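Q: Pasting a structure below so you can have a look.
The values are calculated or read from the model by the stated rules, or taken from the named source; none is laboratory data. Keep in mind that what you see is a predicted model, and the values were worked out from it rather than measured. Every residue, glycine as well, gets a Cβ built from its backbone with ideal geometry; the counts of neighbours run over all protein chains shown. For accessibility, only protein heavy atoms count, side chains too; no ligands or nucleic acids. Shrake-Rupley method; radii C 1.70, N 1.55, O 1.52, S 1.80 Å.
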Amino acid sequence: MYTVEQIPVGKSCEGHNRPDGAGFQSGDIQEKEDCGTRRCRYPFLTVPVTEKAPQSVVKQWRDGEWYELISRENYEYLRDSYLRYAGLLGMSVSSSPCGIFGEDIVKVYKAMKALVGDDIGVNIEQDAGRLKFRLWKHLDWRDTTMYYFPVKFIGELNHELRHISATFMHDLMTGNGMNTVLECGGFDYVMEGLFDPGEEPSKEAEERARLRRSYKKGAICRLLKSIGRKRHCKDLARSLDRYKPQNGYEKDLVDLMGEGSQFLYPEKPLLRYAYDPYFREKPEFDPIGLEEQVMVVYDSNDAVTKSLIGYYDSYYPETYAVLPMDTLDLSPDTDRLFSTDDDYPTRFYIWADRFIECITS
């Protein structure tokens, strides 16, 4: 794991305190894949509502259809969701529309925000033309730490333990929606930095060129790709239980993989906790996605990983990090209150600290 120098902006409920006057917003189809959520998220309202409410907002959904979002149906859905949630809280509230749907939506949004208080964020999102409230709150997560799982250690193990470890890393990665560094948004930038056509020949330049070739088409590339697509053990739990460690390092490694079995193919993968409550359609700088903070790399100390850390370190002051969130979409039939009892991301990073330290020591 690596701690970047800059602290990203964005704390719980901060999104609604930004006086940027952007008004209503809606997300269109994203040009790059959102590897963090895998949920096709399309935020609608993520900033303060302006004093003059919009009377018409027409947005396209992922099915190609265009929808008018400022409508009686959407106002009534939001209103009934608000009334339902107030009832779950045991509060008696009312809503008096003025008949201008844009203003009524603003009014019920403000009422919803006051209802849940400052500790819980409220956004309005679009779902195929339907507007809905989404409640959100940050979960416990180290928001300046990159959890990069190096796989170089696998090659230093004996045949049996190598297969166990490779299978464990495959299951950890695919089960949580993680990528390898090869799919990272900054990878091509880092690769370009390893090549300088005008550089004088030297041992250092030759080593960078060798590393670059290995990442592009060589042994490093093959190892990273194989981790993503191949399992060597049909029954990983049994293989771990039957393996007899040969030394203290192997015992620590096997114990940590056994403990980490709770993170293999969870009901809700880690990267699905990613939610960007401060979404902007065309930001000057894209936020640092959760998929860029948690990934599989080759070596924690090679020039590629170090350059990638430096890249994000310089990038952080201009943007913010997308962090794990607990969310709840409201409807007129909501049957539970919003809760942040889910501690999966917290348990994950506490274990990851120890596991990464073990495989890099």
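Q: So, in the range 68-125, of the ones that are among the basic types (Lys, Arg) and within 17 Å of LEU328 (Cβ to Cβ), which residue ends up most open to solvent (accessible area, probe 1.4 Å)?
A: The selected residue is ARG84.
Q: From (1) under 28 Å from ARG272 (Cβ atoms); (2) open to solvent by less than 30 Å² (accessible area, probe 1.4 Å), pick out the condition that doesn't hold for ASP140.
A: (2)
Q: Which of (1) at pLDDT below 95; (2) open to solvent by 60 Å² or more (accessible area, probe 1.4 Å) does LYS244 not meet, given it meets every other one?
A: Going through the list (1) at pLDDT below 95; (2) open to solvent by 60 Å² or more (accessible area, probe 1.4 Å), LYS244 breaks only (1).
Q: Looking at the range 117-159 only, could you name the residues that are among the β-branched types (Val, Ile, Thr), closer than 27 Å to THR180 by Cβ and either outside any loop (DSSP other than H, G, I, E, B) or touching a His at 6+ places or on another chain (Cβ under 6 Å) (or both)?
A: Once the filter is applied, which keeps residues that are among the β-branched types (Val, Ile, Thr), closer than 27 Å to THR180 by Cβ and either outside any loop (DSSP other than H, G, I, E, B) or touching a His at 6+ places or on another chain (Cβ under 6 Å) (or both), the range 117-159 yields THR145, ILE154.
Q: Let me ask something else about it. Taking the range 103-131, which residues are within 24 Å of ARG62 (Cβ to Cβ), of a type in the set (A, V, I, L, M) and at pLDDT 90 or above?
A: Residues satisfying the conditions are ILE105, VAL122, ILE124, LEU131.
Q: Another one. Among SER314, SER300, SER307, which is within 30 Å of PRO283 (Cα to Cα) and touching a residue at least 60 places away in the same chain (Cβ under 8 Å)?
A: Result of the check over SER314, SER300, SER307: SER307.
Q: Now, a different point. Testing VAL294 on (1) in contact with a Phe, Trp or Tyr (Cβ under 6 Å, 6 or more places away or on another chain); (2) free of Cβ contacts under 8 Å to residues at least 12 places away in the same chain, one condition comes back false. Which one is that?
A: In the conditions (1) in contact with a Phe, Trp or Tyr (Cβ under 6 Å, 6 or more places away or on another chain); (2) free of Cβ contacts under 8 Å to residues at least 12 places away in the same chain, VAL294 misses (2) alone.
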